[in-house]
Amino acid sequence: MKKARATLDRVLSKAGIASRTITREWIEQGRVKVNGRVVRNPDHWVESTKDVVHLDGLRVREEKKIYIALNKPTGVITSFGDARNRPTVYDYLKGLDRWVFPVGRLDMDTSGLLILTNDTDFGEALLQPKSKVPKTYYAKVSGVVTDDEYFRLTDGLDIGRGESSGPSAVREVRSNEKYTWLELTITEGKNRQVRRMCEAVGHPVLKLVRIRMGDLELGDLGIGKFRRLDSSDLKRLVSHREMSRG
């Protein structure tokens with residue numbers, strides 16, 4: 001039988017207690033014991049089948065998994081804490097009784113659907129490139145998008161920094177002589193990808209909202225509000241591919 005081994009910081013984070021960054025700090029502060037002995041090395045190997053871990057005198061047990069959908073406002077960052085005192089998504093999770101982390105990120109100027117969880121396996125599987133979970137955005141861009149530019153967005157194009165976008169689904173929602181409102185669906189996760197795609201065809205994004213992941217819709221969830229996801233929500237979220245759980 002294969003032994004289940006992991007570093008001490010990962011054992012704590014996988015239990016759904018806190019991020020690996022925070023658990024490493026706890027370990028270095030001497031708050032964690034393995035088999036009754038204080039261990040200050042976050043990279044210490046632990047075997048789940050025989051080792052017992054305590055944090056502040058309490059045995060570490062896996063937390064109940066929780067999954068959250070948040071309608072992230074613009075002007076809010078997804079980090080835990082900020083040196084510049086900007087608002088973070090955690091300011092909108094008051095009353096939540098468990099630590100959660102964002103599955104992927106939305107940049108400060110992008111709003112909409114953000115998934116948070118304490119299930120590290122789920123989060124990692126959702127983010128890996130082979131998962132190809134479709135992410136759909138509603139974008140207001142400057143100017144009128146031409147047919148040729150639609151083809152370029154759909155087929156994939158150079159978005160700078162040595163990167164290219166892959167195929168995407170793009171449709172016009174409406175337009176006038178100054179602006180075009182688009183719905184774009186991508187299956188990649190490159191940094192600020194939708195903005196860079198639109199800039200590459202000469203139409204900077206003026207407003208960007210993520211409205212869907214997989215088949216999970218943002219719906220009528222209010223700005224700055226969150227709700228817990230149930231099993232049917234998770235099925236809609238991952239309906240387009242099989243999650244890797246190992």
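Every number in this text was worked out from the coordinates using simple rules, so none of it is lab data. Just so it is clear, the model here is predicted, and its values are computed rather than measured. Virtual Cβ from ideal backbone geometry, glycine too; neighbours counted across all protein chains shown.
Quick rundown of the values:
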quantity: Helix-only [θ]222 nm of the chain, DSSP H runs n ≥ 4, -39500 (n - 2.57) each, per residue, nearest 500; calculated: -5000 deg cm²/dmol
quantity: Length added when fully stretched, SER239-THR74, from 0.36 nm per residue minus Cα-Cα; calculated: 56.6 nm
quantity: The chain: relative contact order as a whole-number percent, Cα under 8 Å and 6+ apart; calculated: 20 percent
quantity: Separation of the ARG37 and SER142 label points, Cα + 7 Å toward Cβ, nm; calculated: 6.3 nm
quantity: Under 14 Å, Cβ to Cβ, from GLU62 - net charge with Lys/Arg +1 and Asp/Glu -1; calculated: +4
quantity: Within the stretch 133-149: backbone nitrogen closer than 11 Å to the THR187 label point (7 Å, Cα to C-beta); calculated: 133-135
quantity: Simple label model, 7 Å out from Cα along Cβ direction - ASN176 to ALA6, nm; calculated: 5.3 nm
quantity: Residues PHE151 and ASP91, FRET efficiency given R0 of 30 Å [Cβ-Cβ distance, rounded to 0.05]; calculated: 0.10
quantity: Under 10 Å, Cβ to Cβ, from ASP158 - net charge with Lys/Arg +1 and Asp/Glu -1; calculated: +2
quantity: Positive dipole terminus of the chain, leading residue within GLY156, PRO134, VAL32 (C-beta point charges); calculated: VAL32
quantity: Charge sum, other residues only, whose C-beta stays under 12 Å from GLU25's C-beta, Lys/Arg counted +1 and Asp/Glu -1; calculated: +2
quantity: Pairs from LYS130/LYS235; LYS72/LYS235; LYS14/LYS225; LYS65/LYS94; LYS190/LYS225; LYS33/LYS94 whose Cα-Cα separation, in the structure shown, is over 28 Å; calculated: LYS33/LYS94
quantity: THR21-LYS207 pseudo-label distance in nm [points 7 Å out on the Cα-to-Cβ vector]; calculated: 3.1 nm
quantity: Kirkwood Rh in Å, taken over all unlike Cα pairs in the chain; calculated: 20.0 Å
quantity: For peptides 176-187, 113-124, sequence by mean Cβ density within 10 Å, most packed first; calculated: 113-124, 176-187
quantity: Computed FRET value (nearest 0.05) for GLN128 with ARG61, which takes r as the C-beta separation and R₀ as 25 Å; calculated: 0.40
